[in-house]
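K.L.:
This is the structure I want to talk about, given as structure tokens.
The values are calculated or read from the model by the stated rules, or taken from the named source; none is laboratory data. Just so it is clear, the model here is predicted, and its values are computed rather than measured. For neighbour counting, all protein chains shown are included, and Cβ atoms are generated from backbone atoms with ideal geometry for every residue, glycine included.
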Number of protein chains: 2
Amino acid sequence: MKNRIITISREFGSGGRTIGKKVAEKLNIPCYDSELIEKIALESGFSEEYVKEIEENSRGRFLSLFSNRAYAPNNEDIIWKIQCKVILDFAEKGPCVIVGRCADYVLREKADCLKVFIHADKKFRAERIVNGYGETDVSVEQRIKEKEKRRAAYHRFYTDKKWGDARNYDVALDSGVIGLDKCVEIIKSLF
Amino acid sequence: MKNRIITISREFGSGGRTIGKKVAEKLNIPCYDSELIEKIALESGFSEEYVKEIEENSRGRFLSLFSNRAYAPNNEDIIWKIQCKVILDFAEKGPCVIVGRCADYVLREKADCLKVFIHADKKFRAERIVNGYGETDVSVEQRIKEKEKRRAAYHRFYTDKKWGDARNYDVALDSGVIGLDKCVEIIKSLF
């Protein structure tokens with residue numbers, strides 16, 4: 001039987017990770033987020049930091065034309081392959097919440113998945129980012145812009161789907177308008 | 001004080017109109033759908049049928065370059081202007097549900113709006129369309145494709161936003177996966 005999984009894709013700073021953790025807590029099932037990175041790092045031999053950054057530093061389809069991809073898989077591709085295996089392994093174990101890493105796409109035929117997308121306007125996300133991660137030399141607006149661009153490119157490259165299109169998800173919620181707790185309640189009620 | 005309005009944008013056949021009506025019923029507030037068409041027709045002098053078809057027959061930005069739009073507003077533009085006025089009038093009256101006609105965009109600064117998008121996969125929609133509207137000489141897949149294309153073009157032209165992007169809405173739900181009744185329950189709980 002297929003396991004019931006909740007996958008959460010999220011805009012940087014939208015609180016998707018927090019929502020995922022809370023949903024898992026309430027449903028008493030595991031939430032895989034940093035565990036995913038740890039396992040991929042372990043199995044690939046790359047550092048956790050490097051694996052973490054890959055999703056946000058993809059160069060996308062256009063630039064990759066100029067890479068060595070035509071001759072051999074590059075690090076991104078190697079990590080992607082291991083990532084798919086790790087996500088499938090976690091999904092095999094039993095019901096769970098998986099945050100990020102295109103899990104919705106990886107599990108599209110393998111699990112009974114509720115595909116969630118969490119987003120919010122830039123102002124709401126900027127405040128959360130500064131509160132959660134602190135300020136850096138780069139403005140928070142610039143950080144959001146860069147991360148989003150890379151995340152969208154990464155998503156597009158490996159899944160061939162448009163990042164953020166409502167039709168790729170079963171539920172898409174604006175956490176800024178609806179509030180994190182209400183998002184948790186809605187997702188929980190759909191499990 | 002701003003009135004609380006629920007706007008529902010929907011893919012053809014997704015059940016968005018039915019959901020809107022049920023939400024309004026449960027909240028005991030009016031749902032404007034055909035009333036919108038009637039009022040626009042009345043105020044513009046065009047027939048209801050013509051007003052109804054305009055949203056699905058927009059030629060979009062590209063083709064309109066070759067229209068007479070540069071010299072004078074065409075029928076689409078005249079109807080759009082009246083449509084904005086009618087939507088604002090309805091929103092002034094009190095809390096309500098408004099289905100379609102880019103109401104979310106028209107009310108973006110004028111009302112306390114919950115912006116909903118309802119979508120579903122083609123199989124689910126095809127079944128609902130054949131059950132609800134019957135078969136025609138044109139295949140249901142072709143009807144969906146045509147309507148979607150026109151609706152997206154219309155939306156894009158007047159709002160300059162991408163049709164179906166989750167980030168344009170507070171809540172986006174797949175009515176095929178979640179079920180119409182559960183969609184109603186979620187939207188109602190957010191009012």
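K.L.:
Looking at the structure I just gave you, is B:Tyr154 hydroxyl-bearing (Ser, Thr, Tyr) and crowded, with 21+ Cβ neighbours inside 10 Å? Outline the logic, then answer.
P.N.:
Values: hydroxyl-bearing (Ser, Thr, Tyr): yes; crowded, with 21+ Cβ neighbours inside 10 Å: yes.
In short, yes.
K.L.:
So how many residues does region A:114-167 have that are among the aromatic types (Phe, Trp, Tyr) and within 14 Å of another protein chain (Cβ to nearest Cβ)?
P.N.:
We begin by selecting, within region A:114-167, every residue among the aromatic types (Phe, Trp, Tyr); these are A:117, A:124, A:133, A:154, A:157-158, A:163.
With within 14 Å of another protein chain (Cβ to nearest Cβ) added as a condition, the list becomes A:117, A:124, A:163.
Residues meeting the conditions: 3.
K.L.:
Let me ask another. Within region B:93-113, restricting attention to residues that are modelled with pLDDT of 90 or more and within 14 Å of chain A (Cβ to nearest Cβ), which residue is nearest to B:Ala153 (Cα to Cα)?
P.N.:
B:Asp104
K.L.:
Are any of the residues in region B:57-71 modelled with pLDDT of 90 or more, surrounded by fewer than 14 Cβ atoms within 10 Å (Cβ to Cβ) and outside any helix (DSSP H, G or I)?
P.N.:
no
K.L.:
Restricting attention to region B:157-191, which residues are without any contact (Cβ under 8 Å) to a residue 40 or more places away in the chain and among the small types (Gly, Ala, Ser)?
P.N.:
Correct list: B:Gly179, B:Ser189.
K.L.:
If you don't mind, another one. I'd like to verify a number: residues in region A:6-41 that are within 19 Å of A:Arg143 (Cβ to Cβ) and either without any contact (Cβ under 8 Å) to a residue 60 or more places away in the chain or assigned to a helix (DSSP H, G or I) (or both), how many?
P.N.:
3
K.L.:
Separate question: Out of region B:1-53, which residues are aromatic (Phe, Trp, Tyr) and within 14 Å of another protein chain (Cβ to nearest Cβ)? Let's see the steps before the verdict.
P.N.:
First pass over region B:1-53, keeping only residues aromatic (Phe, Trp, Tyr): B:12, B:32, B:46, B:50.
Matches in region B:1-53: B:Phe12 only.
K.L.:
What number goes with the only condition from (1) closer than 30 Å to A:Val177 by Cβ; (2) modelled with pLDDT of 90 or more; (3) out of contact with any strand residue (DSSP E or B) (no Cβ under 6 Å at 6 or more places or on another chain) that B:Ala41 does not pass?
P.N.:
(1)
K.L.:
I need every pair where a residue in region A:117-129 that is touching a residue at least 12 places away in the same chain (Cβ under 8 Å) has its Cβ under 6 Å from the Cβ of a residue that is of a type in the set (Phe, Trp, Tyr) and surrounded by 20 or more Cβ atoms within 10 Å (Cβ to Cβ), sequence separation at least 6 or different chains.
P.N.:
Matching pairs, first to second residue: A:Phe117/A:Tyr169.
K.L.:
B:Leu88 passes all but one of (1) at pLDDT below 95; (2) within 30 Å of A:Asn168 (Cβ to Cβ); which number fails?
P.N.:
That leaves (2) as the condition not met.
K.L.:
Now a separate question. When region A:168-184 is examined, which residues are found to be at the interface with chain B (Cβ under 10 Å from one of its Cβ atoms), surrounded by fewer than 20 Cβ atoms within 10 Å (Cβ to Cβ) and charged (D, E, K, R)?
P.N.:
Listed by number, the list holds a single entry, A:Lys182.
K.L.:
Residues that are touching a strand residue (DSSP E or B) at 6+ places or on another chain (Cβ under 6 Å) and acidic (Asp, Glu): does region B:143-155 have at least one?
P.N.:
No, that holds for no residue.
K.L.:
Determine whether B:Arg125 is crowded, with 16+ Cβ neighbours inside 10 Å, of a type in the set (D, E, K, R) and either over 27 Å from A:Ser9 (Cβ atoms) or in contact with a Lys or Arg (Cβ under 9 Å, 6 or more places away or on another chain) (or both).
P.N.:
Values: crowded, with 16+ Cβ neighbours inside 10 Å: yes; of a type in the set (D, E, K, R): yes; either over 27 Å from A:Ser9 (Cβ atoms) or in contact with a Lys or Arg (Cβ under 9 Å, 6 or more places away or on another chain) (or both): no.
It is false that B:Arg125 is crowded, with 16+ Cβ neighbours inside 10 Å, of a type in the set (D, E, K, R) and either over 27 Å from A:Ser9 (Cβ atoms) or in contact with a Lys or Arg (Cβ under 9 Å, 6 or more places away or on another chain) (or both).
K.L.:
Within region A:138-191, which residues are among the hydroxyl-bearing types (Ser, Thr, Tyr) and farther than 30 Å from B:Lys122 by Cβ?
P.N.:
Residue satisfying the conditions is A:Ser139 alone.
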